[in-house]
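Since every read-out is calculated from the coordinates, none of them should be taken as a lab result. Here the structure is a predicted model, which is why all the values come from computation and not from measurement. With ideal geometry, Cβ positions are generated from the backbone for all residues, glycine too; neighbour counts draw on all protein chains shown.
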Amino acid sequence: MAKSTKESFYSQIKDILSKSLDSIFIIGKGSSADNFDFSNVSENSLVININDSERIYPGEIAIFHSDWVLPSIEENGFKSKLYISPFNLSDYGVNHLIIPKEDNDQDVQDLLFQRLLDESLSIENYIFTSALKVANIIASQKNKVLKVYLIGFDFDINKGYSNQFKKNYNQ
């Protein structure tokens, strides 16, 4: 019997849910990540990587939806414990969950905040909202308010990427 996406997700993160958590760090690849002291990430923290940001600091969960990310992760070696993407990663021998990417038309985008608050898992066009969704689901399952920190989200393309990226795979 096939498991639902929700059941599969919970079975994949059961180790994460069993540990004590007080914070979640969501890592982007903006240049401001170079100024963050990663020693602030304690054993009671969970790290969620966006795209190939595990090159900066590897976490427990990585989320991506674009095909350009895979060569970067593969070249660096798969570091995360769980990958969430619309791609089948079975050939790489990594734990992964295949979640379809939401369409990018206006009707679907209008439902973004509704999807952010429900318990189903989806991959949004704006990938950091998917990471916020995962953080929200984990906090809900822990029945605890967790601090969530966004690291390396500069929202300004002119600031460039972290120095950890010598090659731009997004071209």
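Across 5 Å bins from the origin, how do the percents of Cα pairs in the stretch 1-93 run, short distances first?
3, 12, 22, 24, 19, 13, 6, 1, 0, 0
Measure off 7 Å from each Cα along the Cα-to-Cβ vector at residue 91 and residue 14, then give the distance between these two points in nanometres to one decimal.
In this crude label model, residue 91 to residue 14 measures out at 3.0 nm.
Positive end of the charge dipole of the stretch 33-106 (Lys, Arg +1 and Asp, Glu -1 on Cβ, about the Cα centre): tell me which of 65, 89, 50 has its Cα farthest that way.
Checking the options against the dipole of the stretch 33-106, the answer is 89.
Residues in the stretch 141-156 near a label at residue 35, defined as backbone nitrogen under 14 Å from the 7 Å Cα→Cβ point?
Within reach of a label on residue 35: 151-156.
How much length, in nm to one decimal, is gained on full extension between residue 68 and residue 144, taken as 0.36 nm per residue of separation minus their Cα-Cα distance?
Numbers: separation 76, 0.36 × 76 = 27.36 nm, distance 3.54 nm.
Value of the extension gain: 23.8 nm.
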